[in-house]
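Each remark here refers to the structure printed beneath this line.
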Amino acid sequence: MFFGDNHPQYVVLLLAMAYLGVPITPSKPANGAYETYQHLNNSGSRILCCSRNKIPIIEQILKDEAHSQYISNLKLLLIIDGDSAVPESFQNHPLAPKQIVTFKQLLAHGNGQSLGRIPHFAVNPASDNHMIV
């Protein structure tokens, strides 16, 4: 799921995911916590690509016990803008995604720097969503 403002990185990631055959579901940047967890629930998304300024909305969902499972179901959170990692308060939350990567870290990986581990998890084509654009 893409949840963020318009950035050049948004287009790059959208095309890369389409090329790789990863299901895509865009979300309106104006959405609040309610719309975002509904979208996560309805789409069954396991990857969330979002702008740094959307992290407070994700944190708001994490604080709501009734809806925090939508964030805990994520396997990867990719921050599409900004230079540094997400706030420690978010990273250390027990239900936050275990893999949190910034776009800059992905680019650095291609320049001889190590990301530690390239984000990867198994995909089951029979049960995982089909491309939604």
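Failed condition for N42, given (1) open to solvent by 60 Å² or more (accessible area, probe 1.4 Å); (2) at pLDDT below 85; (3) more than 21 Å from Q105 (Cβ to Cβ), with all others met?
(2)
Kindly provide the set of residues from the stretch 45-78 that are touching a Gly at 6+ places or on another chain (Cβ under 9 Å), at pLDDT 85 or above and farther than 14 Å from D5 by Cα, ordered by number.
Answer for the stretch 45-78, where residues must be touching a Gly at 6+ places or on another chain (Cβ under 9 Å), at pLDDT 85 or above and farther than 14 Å from D5 by Cα: just Q60.
Here are the criteria: (1) closer than 21 Å to Y10 by Cβ; (2) open to solvent by 20 Å² or more (accessible area, probe 1.4 Å). Tell me which single one N73 does not satisfy.
(1)
Suppose we keep only residues that are without any contact (Cβ under 8 Å) to a residue 24 or more places away in the chain and part of a loop (DSSP other than H, G, I, E, B) within the stretch 59-70. Which one would you say is least open to solvent (accessible area, probe 1.4 Å)? So that I can check it myself, show each step before the final result.
Let us first name the residues in the stretch 59-70 that are without any contact (Cβ under 8 Å) to a residue 24 or more places away in the chain, namely 63, 65-66.
Restricting the remaining residues to those that are part of a loop (DSSP other than H, G, I, E, B) gives 65-66.
Numbers: E65: 167, A66: 64 Å².
So, considering only residues that are without any contact (Cβ under 8 Å) to a residue 24 or more places away in the chain and part of a loop (DSSP other than H, G, I, E, B), the one least open to solvent (accessible area, probe 1.4 Å) is A66.
Of the residues that make up the stretch 10-25, is at least one closer than 24 Å to P94 by Cβ, in contact with a strand residue (DSSP E or B) (Cβ under 8 Å, 6 or more places away or on another chain) and either modelled with pLDDT of 85 or more or not in a loop (DSSP other than H, G, I, E, B) (or both)? Working first, answer last.
If we filter the stretch 10-25 for residues that are closer than 24 Å to P94 by Cβ, which is where we start, we get none.
No, every residue in the stretch 10-25 fails to be closer than 24 Å to P94 by Cβ, in contact with a strand residue (DSSP E or B) (Cβ under 8 Å, 6 or more places away or on another chain) and either modelled with pLDDT of 85 or more or not in a loop (DSSP other than H, G, I, E, B) (or both).
Does P56 count as open to solvent by 10 Å² or more (accessible area, probe 1.4 Å), within 21 Å of V101 (Cβ to Cβ) and in a loop (DSSP other than H, G, I, E, B)? Show your work before the answer.
Numbers: open to solvent by 10 Å² or more (accessible area, probe 1.4 Å): yes; within 21 Å of V101 (Cβ to Cβ): yes; in a loop (DSSP other than H, G, I, E, B): no.
Answer is no for this residue.
Looking at the stretch 79-122, which of its residues are in contact with a Cys (Cβ under 8 Å, 6 or more places away or on another chain) and either under 18 Å from L20 (Cβ atoms) or modelled with pLDDT under 65 (or both)?
Filtering the stretch 79-122 for residues in contact with a Cys (Cβ under 8 Å, 6 or more places away or on another chain) gives 79-80.
Matches in the stretch 79-122: I80 only.
Out of (1) within 24 Å of E88 (Cα to Cα); (2) touching a helix residue (DSSP H, G or I) at 6+ places or on another chain (Cβ under 7 Å), the odd one out for N41 is which?
(1)
From the residues in the stretch 29-51 that are in a loop (DSSP other than H, G, I, E, B) and within 14 Å of the chain's Cα centre (by Cα), which one is nearest to F103 (Cα to Cα)? It would help to see each step written out before you state the result.
Step one: list which residues in the stretch 29-51 are in a loop (DSSP other than H, G, I, E, B), which gives 29-32, 44-46, 51.
If we keep only those that are within 14 Å of the chain's Cα centre (by Cα) too, we end up with 29, 44-46, 51.
Numbers: P29: 18, G44: 23, S45: 19, R46: 17, S51: 10 Å.
The residue in question is S51.
The values are calculated or read from the model by the stated rules, or taken from the named source; none is laboratory data. All figures in this text were calculated on a predicted structure; none of them were measured in a lab. Glycine also receives a Cβ, built like all others from the backbone with ideal geometry; neighbour counts cover every protein chain displayed. For accessibility, only protein heavy atoms count, side chains too; no ligands or nucleic acids. Shrake-Rupley method; radii C 1.70, N 1.55, O 1.52, S 1.80 Å.
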